[in-house]
Amino acid sequence: MFALVDCNNFYASCERVFNPNLQGKPIAILSNNDGCVISRSDEAKALGLPMGAPIFKWDNFCKANNITVFSSNYPLYGDMSNRVMKILEQFSPDVEVYSIDEAFVAFKGFKYVHFNNYGHQIRKRILKWTGIPTCVGIAPTKSLSKVANKIARKFPEKTGGVYVIDSQEKRLKALQWIKLEDVWGIGKSLQKQLKHKGCKKAIDFVNLPDAWVRKNFGSTGFKLKKELEGIPQLELDEVKNKRAIATTRSFDFSYDDLNYIKERIATFATNCAEKLRKQGSSCYVIYVTLSSNRHKKDDKQHRGSAVINLPYPTNSSLIISAEAVKAVTSIFKKDIKYKKAGVIVSGLVPTNNFQLNMFEREDPKHQPLMKSIDNLNTKYGDYKIKLANQDLKRTWKMRQERLSPRYTTNIKDIIVVK
């Protein structure tokens, strides 16, 4: 059996944990630089606030309806997510973190467990230890556990937030209820083809002939059909190293100052190098992009990029940052106001196993230096050790005018009880 554990309105719930006065009240969370709405509580949805709404257009609507709006607080959300995932590991050793607010849990060998009770135990412990409400769907396959979770979320009074599909009767009833567009794995293209075939609900897809599904949707569509029939086709995904690592950000404002942009690029490059070291990889290629704000039609527009091929693989912040800064200097043009930049590293190889170059190689002092920097930053946090060409005060420069405190990740923001 598999469980899909999903945190309800996760970003809004994190804010409510530390501000209980917001319980039952509408909340919206904004994207980076306070651009648009990326998360809403159920109350905000009911008031008609759409996902993706630009806040400069909807600010008056939020004020008129008493919707509390927050800047996204990813250090807080990431820490709360980690706490939830750690609790899940107490219920099974097999946990796949699917996103920041949901995870699959595999129950192998759990023959004598009453899954409905077990789901309620999971839900109760997460709520008690973190304050985050969840819904739990349990079924014989990953796809059906998603369906079960939607039922638990849709009918909380009847299910108590936990629903188990453990019989043919329940499976068929669930597939007759759920719409095609709500089935995990059925995208817009597949929906279009299935609706043309006359399918409206998941049960209509499952009742199609196997041969037709395999011919028209390939093995992926065929596996999904079998999953919905209750025949497991998907196991938990293993954590794999990334084949490319990117750090791209919009600036808080538009800038035509090369020194400011060089500092941003150095920070982005350093972040990529840290991620490389974390997964034990080095890169051969660095890709740098820089672009103006395409939404400002009256401004001069420019978008440039540069690729640097390194003679040897590296994960040294010193080298990657220096090369990226050289690249952005070659791209930069005067009288252009730039809004967004990025650094992408690719051509990744394992740091402990790559082809040596007889004539060029990294300074052997870099690896122990990077290790020391990583250890100090892990111990003290908040990027205590930076390169000299980085801003020593702010790492991520975003417009966050409605940011809540980092209650769990910054000692200065811990709640004080008087």
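The values are calculated or read from the model by the stated rules, or taken from the named source; none is laboratory data. All values derive from a computational prediction rather than experimental measurement. In this analysis, Cβ positions are derived from the backbone assuming ideal geometry, glycine residues included, and neighbour counts consider all displayed protein chains. The protein model used for the area step is the full one, side chains on, heavy atoms only, and it has no ligands, DNA or RNA in it. Shrake-Rupley method; radii C 1.70, N 1.55, O 1.52, S 1.80 Å.
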Completion exercise
Percent relative contact order for the chain, counting Cα pairs under 8 Å at least six residues apart, stands at 15 percent
Completion exercise
Highest mean packing first, using Cβ neighbours within 10 angstrom, the peptides 361-368, 310-317, 243-250 sort as 310-317, 243-250, 361-368
Exercise for the section: Give me the percent of the accessible area of the chain that comes from carbon and sulfur atoms, probe 1.4 Å, all protein chains in place. Expected result: 51 percent
Fill in the blank from the handout: The answer for N315, listing residues at least 5 apart or on another chain whose modeled amide H is closer than 5 Å to its amide H, is C283
Exercise for the section: Would you mind checking region 314-338 for residues with the amide N under 18 Å from a putative spin-label position 7 Å along Cα→C-beta of L258? Expected result: 322-338
Completion exercise
So, with points 7 Å from each Cα along the Cβ direction, the K365-N116 label distance in nm works out to 6.9 nm
Practice task
Between A388, A324, A273, find the one with the highest GNM mean-square fluctuation for the chain; connect C-alpha pairs within less than 10 Å.
Solution key: A388
Fill in the blank from the handout: Stretched fully, the stretch from K188 through D237 gains (0.36 nm per residue minus C-alpha distance, one decimal, in nm) 15.3 nm
Handout entry: Estimated vicinal HN-Hα couplings, Hz - region 121-130 in sequence order (Karplus 6.51, -1.76, 1.60; Gly, Pro = x)
Key = 5, 4, 4, 5, 5, 5, 5, 5, 8, 10
Problem - Surface accessible to a 1.4 Å probe, per residue, for the residues of region 82-137, Å² - result: 54 Å²
Completion exercise
Ranked output for segments 335-346, 253-264 by mean other Cβ atoms within 10 Å, highest leading, reads 335-346, 253-264
Exercise for the section: Scan around T134 for amide H atoms under 5 Å from its own, H built in the peptide plane at 1.01 Å from N, and keep only partners 5 or more places away or cross-chain. Expected result: N8
Practice task
List the relative contact order of region 258-328 as a percent without decimals, with contacts defined as Cα pairs under 8 Å and 6+ residues apart.
Solution key: 43 percent
Exercise for the section: Tell me the label-point distance for the pair K297, K384, using the 7 Å Cα-to-Cβ offset, in nm and rounded to one decimal. Expected result: 5.2 nm
Exercise for the section: Could you calculate the FRET efficiency of V417 with Q355 from 1/(1 + (r/R0)^6), where r is the beta carbon distance between them and R0 is 56 Å, rounded to 0.05? Expected result: 0.45
